[in-house]
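Heads up: the structure comes next, in structure tokens.
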Amino acid sequence: MKAALKKATRSIVLETGAAGLITRGFHWLYYQSGAWFENKFLGYPIYQCPLDLQLYQELIFRLRPALVLQTGIAEGGSLLYFASLMDLIGSPADALVVGVDICLTDRAKTLAHPRIKTFEGSSTDLHVIDRIMSTIKNQTGIVVLDSDHSKTHVLNEIALYKQFVAIGSYLVVEDTNINGHPVYSSFGPGPMEAVREFLRSDNSFVIDDELWKRNKFSFHQHGWLKRAR
Ligand SMILES: C[S@@+](CC[C@H](N)C(=O)[O-])C[C@H]1O[C@@H](n2cnc3c(N)ncnc32)[C@H](O)[C@@H]1O
């Protein structure tokens, strides 16, 4: 009881007190600096906050997924990161990393890792999803949504891709920080608004805020959704 109260108080102080303001300020400053846009993994640009890459590493080690599926590949750094982690932990050879992008870049086309399968087309195009399904067979695992961040597109993606999330695993709705949460306020309804709407009508996923809160912030805060059933 005492421990729970201490934890709750700490979380309120972090979010609303001076610490919360500093965290939001730093989050905004780091995002605005564009430093994360310069990050590379094994030479491939990876448009992620390093704090979030730490969390992906922990999830992949803990869950040992048979599949990591990402919408929005860009230059391919994230796909290579996921595949390399799966190699490091000795995942079976048939554990796959699947990516889909509306337009594959020249750099992404050079990805030559045996686990990585890429698809070109819109993530919500049913023909593309059919092709993905015939590649992954019935494998499920972690799904990461990082393509078109408009609320409508993200809601469509959630509806189409939640089936690929294993029970106990994660659907990560990325960039929930945009539209003023606390960055890029002019964006309009985006991933955070999509998450809120989705969770109002679906009880098979729960927000896992414990996962990222020790790091104080995440570009995908409140977007780490755990499949409960
Ligand atoms: C933020 S970048 C992805 C960054 C990448 N996941 C990473 O971690 O480095 C967004 C990508 O989504 C792609 N995209 C935009 N609309 C899309 C759509 N409807 N379907 C699939 N990909 C889309 C863009 O072409 C772009 O490469």
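Within the range 198-220, does at least one residue satisfy the condition of being within 26 Å of D106 (Cα to Cα), acidic (D, E) and at pLDDT 95 or above?
Our first condition is that a residue be within 26 Å of D106 (Cα to Cα); within the range 198-220, this holds for none.
Checked the range 198-220: no residue is within 26 Å of D106 (Cα to Cα), acidic (D, E) and at pLDDT 95 or above.
If only residues of the range 114-132 that are surrounded by 12 or more Cβ atoms within 10 Å (Cβ to Cβ) and in a helix (DSSP H, G or I) are counted, the one that is farthest from the chain's Cα centre (by Cα) is R131. When D87 is tested against the conditions (1) of a type outside the set (A, V, I, L, M, F, W, C); (2) away from the ligand (no atom under 16 Å from the Cβ); (3) more than 27 Å from R131 (Cβ to Cβ); (4) modelled with pLDDT of 95 or more, the lone failure is (3). When the residues of the range 98-110 are filtered to those that are over 13 Å from the mean Cα position of the chain (by Cα) and within 12 Å of the ligand (Cβ to nearest atom), the one that is surrounded by the fewest Cβ atoms within 10 Å (Cβ to Cβ) is C103.
Checking each residue in the range 36-77 for being within 14 Å of the ligand (Cβ to nearest atom), free of Cβ contacts under 8 Å to residues at least 24 places away in the same chain and in a helix (DSSP H, G or I) picks out F37, E38, P50. Sub-7 Å Cβ pairs linking a first residue in the range 141-161 that is more than 20 Å from S201 (Cα to Cα) to a second residue that is near the ligand (Cβ under 9 Å from one of its atoms) and among the hydroxyl-bearing types (S, T, Y), at least 6 apart or interchain, are D146/T71; S147/T71; S147/S123, ordered by first then second residue. For the range 59-69, the condition holds for at least one residue, the condition being that it is among the β-branched types (V, I, T), in contact with a Phe, Trp or Tyr (Cβ under 6 Å, 6 or more places away or on another chain) and under 23 Å from W212 (Cα atoms).
The criterion of at least 1 residues that are within 27 Å of D130 (Cβ to Cβ) and not β-branched (V, I, T) is met by the following helices (runs of 4 or more DSSP H) wholly inside the range 143-229: 151-161, 191-201.
Consider L111 carefully, then state whether it is part of a loop (DSSP other than H, G, I, E, B) and touching a Gly at 6+ places or on another chain (Cβ under 7 Å).
For L111, the condition - part of a loop (DSSP other than H, G, I, E, B) and touching a Gly at 6+ places or on another chain (Cβ under 7 Å) - is met.
The values are calculated or read from the model by the stated rules, or taken from the named source; none is laboratory data. Bear in mind that the values here come from a model prediction, so they are computed numbers and not experimental data. Neighbour counts run over all protein chains shown; Cβ positions are idealised from the backbone, glycine included.
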